[in-house]
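Below is one structure, written out as structure tokens, with a few remarks after it.
Every number in this text was worked out from the coordinates using simple rules, so none of it is lab data. Values in this document were obtained by computation on a predicted structure and should not be read as measured data. Cβ placement follows ideal geometry from the backbone for every residue including glycine, while neighbour counts extend to all protein chains displayed.
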Amino acid sequence: MLLTSSVSIKMPLFGKSQKSPAEVVKALKEAVNALERGDKKVEKAQEDVSKNLLLIKNMLYGTSDTEPQTDIIVAQLAQELYNSNLLLMLIQNLNRIEFEGKKDVAQVFNNILRRQIGTRSPTVEYICTKPEILFTLMNGYEHQDIALNCGTMLRECARYEALAKIMLHSEDFFNFFRYVEVSTFDIASDAFSTFKELLTRHKMLCADFLELNYDKVFSHYQRLLNSENYVTRRQSLKLLGELLLDRHNFTVMTRYISNPDNLKLMMNMLKEKSRNIQFEAFHVFKVFVANPNKPKPILDILLRNQDKLVEFLTKFHTDRSEDEQFNDEKAYLIKQIRELKALPDH
Amino acid sequence: MPDWYDTDASNYEICSFLGHSMTNIATVYIAKHIPSRTLVTLKKCYVEKLTREEIKLVQDEIILMRQLNHRNILPCLASFVTGNEIVSVLPLMGYGSCNDILMRHFPTGIPEAAIACILKAVIHALSYLHSKAIIHRAIRASHILIAADGHICLSGLRYSCLIVEGGRWQRKVHSFPSTTAANLNWLSPELLEQNLEGYNEKSDVYSLGVTACELANGIVPYFDTPTTLMLAEKVRGNCPHLIDQTTYICGDEGSGDDECLRVMAERKFTDSFHDLVESCLERDVTHRPTSSQLLLHPFLKSCHHSSLPDLIIPAAPFTAFTLPDNKEDLESIMASERMAWLELEPVSWDF
């Protein structure tokens, strides 16, 4: 082996990092301040920010050949970060930090966020007192160069109910309906993951939110279902199915399936060109038919199209013979529609 | 070349069909970016045919590529949705992949000096990925792309995984890549074993060793070996090697062609090349070098990528003047895409 002799080189950064948490945080804060002021020495400031971020990241995570720091050091580090207001500063200046540094901010943030003392999550408590952190992150989707970094942090935040609640109930939440449709595919996808996480992760919270904001949410949602972007349409339709079929959202579901416009939309989506969209629409359409207490306008539409629907469904996705549940559901719908009768006139 | 490409589909004009990738999930074209008059590669994934899991795979790869920045890693210049396709805009890599070059021009392997350039670039890319806690898990000749000027990029990031989990740098990783059947020959014994010991980023270094053999021998080791036997051989510590006069034994793997066998039996690779391959293929992970240690290996000292095009003559890159002319293929692909959109029996509802 020619290599063994040269194995023992050390990266200088890991070699002698005896800086205390307080010192690193102070150095980082000074560098971020310099970056924010936009002095003439911007490059130097960027370099200092990146260097100190890497130090902090390695203290928290360790590297391929070093262990993370002890809990005491990590606790000191977290405390310094809270006291110095550095988390917010880093996020506010994220666009000024260089490419790799941005990712390090996200990793440091996510690690600190996960900190636990017994059952308490001190960082979550801290962010609850500084919701501006969350709003700044959500606003990050407006900017191409930091959108994905902010997304990484937002999804980590969304795991905590207290933080998800702040985000859902902020006016900024409705910007997601725009973010999931931006033309840059990676950002739109990332925003959709965050959007979905916020609407599905904490069941009771989500149900309350949807009930309270029903009109606003579903008028926005309608636009996604009619989006020109195929991926947006397919993903939002699938998510709609999941939301309506979740038993926590029973009230919301009942309201949704009482509106004839929603039924018309789903019937039109059933005959979209895309088979995947047809299939997702089927899973929403079935809820309208299975409803034992159909309001009159819904029943009327189904009755007016009774024969067409039976014929249509009989021929619908007949190649899915393997999918037993789908075939059972389809047979059930056909039977239900066939047996539909008009309400007696009063 | 501009450093920013837009997401407006009408600004790209498809010039020719290049091939399929990602086991036929994607179709690859050469296109002209009209505003900047540059040639790019367009990778189109026809989403209607993909399952939800496959869409996730495509999304994850694009998002990962957008968050990496290294000269030897293939960048995703832009990505957008048009019709029901996800399109990634990638730089045009005029020579295609190292596998293309092997297949077309070098049945017994690429010249050693060229391999040194290629490996050096890949090791730089690996060292970057590893420092970012990413294991590539699919190092192979078909994922190493070469541009017309000799610039080398690593692709194939959809198979990768993260070492950092739950806020910690993991000592070992256990996750087995789900769609990896095509890459088995290149994978390390510790990854293939799938036991409690797990594996780490050095698994990529092993795959690099296998790839070095692939580039030098013209064919990947174990290409005709049943998978279970390949696994058994690797686990026992039998490792692939460069085929030259010092290692050639009658009946050794090779293309079977007499002329090819003669070339292999008579050539001689340098000691430092043999040494690099042996150390990469070290069975014991603790003795296998890391990617950043490999960067110091003497084999990589002499090379510079700008000389690469001369070293791989007669291979020639696609350029604006030598685009493959396959109008007919192109038209038939486009036509079959339109077919998929034909409506058969339109129903109209009475509302």
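Data table
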| item | result |
| --- | --- |
| Crossing angle, helix B:271-280 versus chain B [Cα axis fit, 0-90 degrees, rounded to tens] | 70 degrees |
| Packing-based ranking, highest mean first, of A:293-303, A:143-153, A:325-335 given that Cβ atoms within 10 Å are counted | A:143-153, A:293-303, A:325-335 |
| Average other protein chain Cβ within 10 Å of Cβ, residues B:268-275 | 1 |
| Unit charges on C-beta of K, R, D, E only; dipole of the stretch B:71-181, Debye | 460 debye |
| Cα-based equivalent ellipsoid of the stretch B:48-146: semi-axis lengths in Å, sorted from largest, via gyration tensor | 27, 18, 12 |
| Cut-off 18 Å, label 7 Å out along Cα→Cβ of A:S20, residues of the stretch A:47-76 by amide N | A:56, A:59, A:69-76 |
| At least 20 Å along the helix axis (C-alpha) and Kyte average at least -0.5, DSSP helices within chain A | A:21-37, A:42-61, A:99-113, A:185-200, A:230-245, A:275-290 |
| Chain A: relative contact order as a whole-number percent, Cα under 8 Å and 6+ apart | 9 percent |
| Nearest-ten-degree value, helix B:112-131 long axis tilted from longest Cα axis of chain B | 70 degrees |
| Per-residue average of Cβ from other chains inside 10 Å of B:84-91 | 2 |
| Rounded to the nearest 20 debye, dipole of the stretch A:42-100 from Cβ charges on Lys, Arg, Asp, Glu | 200 debye |
| Residue mean of other protein chain beta carbons inside 10 Å, A:179-191 | 6 |
| FRET efficiency, 1/(1 + (r/R0)^6) with R0 25 Å, evaluated for A:R320 and B:F351 via beta carbons | 0.35 |
| Helix-only [θ]222 nm of the protein assembly as shown, DSSP H runs n ≥ 4, -39500 (n - 2.57) each, per residue, nearest 500 | -15000 deg cm²/dmol |
| Simple label model, 7 Å out from Cα along Cβ direction - A:E67 to A:E171, nm | 5.1 nm |
| Cα centroid separation, the stretch A:175-240 to the stretch B:127-198 (Å) | 33 Å |
| Across A:K165/B:K44; A:K40/A:K196; A:K103/A:K203; A:K264/A:K335; A:K130/B:K202; B:K49/B:K327, pairs whose alpha-carbon gap is larger than 32 Å | A:K165/B:K44; A:K40/A:K196; A:K130/B:K202 |
| Relative contact order (percent, whole number), the stretch A:14-94, Cα cutoff 8 Å, 6+ residue spacing | 38 percent |
| Cα convex hull of the stretch A:253-335, projected area averaged across orientations, nm² | 5.2 nm² |
